[in-house]
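Written out below as structure tokens is the structure these notes cover.
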Amino acid sequence: MVTSSAPGKVYLFGEHAVVYGEPAVPCAIEKRARVTAREIDEGLRVHVDDLTLDGYTVEYTGEDDGHPDLEADESLVRAGVGYINEAVAQARAVADRPDAGFEIVVESDIPLGAGLGSSAAVVVAAIDAASRELGVELTPEEIADRAYQVEYAVQDGQASRADTFCSAMGGAVRVEGDDCRRIGGVGNLPFVIGYDGGAGDTGELVAGVRQLREEYDFAADTVGAIGDIVREGESVLGTDDYDSMGELLNFNHGLLAALGVSSRSLDAMVWAAREGGAAGAKLTGAGGGGCIVALDETDGALTALRYTPGCEDAFRAELDTDGVRRE
Ligand code: PMV
């Protein structure tokens, strides 16, 4: 039996624009998904326990497309099972054991579909745990690449390498198309996260931005301007000039809102964090609902968020320099 874990992430800059080849800077945070893999005679038995689901168990043998008995919200369960099926398929492929059976237990601190990279963390940890259980140790880079293949397959091609690379490697990373690298010398960043309890539909939100970008030159320019913010942000990263970084976060949020991916609750949390004294705040991830990230060294933003209607949870999240690891 092997347990591995992998971190979630926030986007400091660049979500959505990264889909069109602009750079993005996601940062791993100390909120993890843990996956335990145990080899069994045949089939796949999955138990999931996380913040957003009460916990469910899915069991089936033989073909992966068996019809499990579903107790929790069906679409969330189907999505979760899809990621785990594909992650297990990757482990079976690397070990050349196509018929290996698995019992998989998932525990996650990361809210589902809320812009904190929950699915990437589960996939990365699952590939590591299941392949180690079959006696194969992959490098974090190999795991990142295989996890990207999983997200690409499950999300019908609507995936960048950002989430999976960040979760596998840890720390702050830079992703531009297929060029993924870790950014050295980034100290801790004073992240504060606000969560509205909801989730956005990533595929729908990405499609909406694509349509705007095709329809209007100024929407395409907006996507390009997000890339400019990322390039500017890279020069501040590694310093403790949070005021400049915060200004760029604010600008990035404004452009994401212009592209139609913010929401009333995300905007309310962004403004609460700013008025509470954050250096800057923006939505993180696909948007539509879910989480915002603010930079604040004081307790002001955290307190303000806790009093904001529509904000279900607010917490600090340290930058996690560890990527995937065996527990
Ligand atoms: O909400 P998340 O964590 O799945 O992030 C989506 C980020 C996008 O840039 C909108 C899409 C992607 O795959 O990069």
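Just need the Rg to Rh number for the stretch 191-317, please, alpha carbons only, Kirkwood Rh. So for the stretch 191-317, dividing Rg by the Kirkwood Rh gives 0.98.
Along the axis of the charge dipole computed for the chain (Cβ charges of +1 for Lys and Arg, -1 for Asp and Glu, origin at the Cα centre), the listed residues G157, V88, F315 are led at the positive end by F315. Just to confirm a number: summing +1 for Lys and Arg and -1 for Asp and Glu over residues other than L295 whose beta-carbon lies under 12 angstrom from that of L295, what do you get? Net charge around L295: -3. Of all DSSP-defined beta bridges confined to the stretch 170-297, some 95% are antiparallel rather than parallel. Ordered by the count of other Cβ atoms within 10 Å of each Cβ, fewest first, Y195, Y307 give Y307, Y195. Exposure proxy for K9, K31, K282: other Cβ atoms within 10 Å of each Cβ, ordered fewest to most, give K31, K282, K9.
In order along the stretch 145-157, the phi-based Karplus estimate (6.51 cos²θ - 1.76 cosθ + 1.60, θ = phi - 60°) of 3J(HN,Hα) comes to 5, 5, 5, 4, 4, 5, 4, 4, 5, 6, 9, 6, x Hz; Gly and Pro are listed as x.
Distant-in-sequence amide contacts of E30, defined by a placed amide H-H separation under 5 Å and a gap of 5 or more residues or a different chain, comprise E318, D320. Toward the positive end of the charge dipole of the stretch 191-317, with +1 on the Cβ of Lys and Arg and -1 on the Cβ of Asp and Glu, the farthest Cα among A278, G289, L237 is that of G289.
Here the chain carries DSSP beta bridges of which approximately 85% are antiparallel, counting only pairs with both residues inside. Counted by neighbouring Cβ atoms within 10 Å, the residues Y216, Y83, Y11 run from fewest to most as Y216, Y83, Y11. Per-residue Karplus couplings for the stretch 104-118, computed as 6.51 cos²θ - 1.76 cosθ + 1.60 with θ equal to phi - 60°, are listed in order as 10, 10, 10, 10, 9, 8, 9, x, 6, x, 10, x, 10, x, 4 Hz, Gly and Pro entered as x. If only the Cβ of Lys and Arg carry +1 and only the Cβ of Asp and Glu carry -1, the dipole of the chain around its Cα centre is close to 560 debye.
Two numbers describe the Cα atoms of the stretch 121-198: Rg and Dmax, which are 14.1, 41 Å.
In square nanometres, what is one fourth of the surface area of the convex hull spanned by the alpha carbons of the chain?
For the chain, the mean projected area of the Cα convex hull comes to 15.2 nm².
All other residues with a Cβ under 10 Å from the Cβ of A147 taken together, and with Lys, Arg as +1 and Asp, Glu as -1, what is their net charge? Once all neighbours under 10 Å are counted, the net charge is -4. May I ask for the Kirkwood hydrodynamic radius of the stretch 81-170, worked out over all distinct Cα pairs and given in angstroms to one decimal? Result for the stretch 81-170 stands at 12.9 Å. In the stretch 132-257, the inverse of the mean reciprocal separation of distinct Cα atoms equals 17.0 Å; this is its Kirkwood hydrodynamic radius.
Laboratory data are not the source of any read-out in this text; all were calculated from the coordinates shown. No experiment lies behind these values; they were computed from the predicted model shown. Cβ atoms come from the backbone with ideal geometry, glycine included; neighbour counts cover every protein chain shown.
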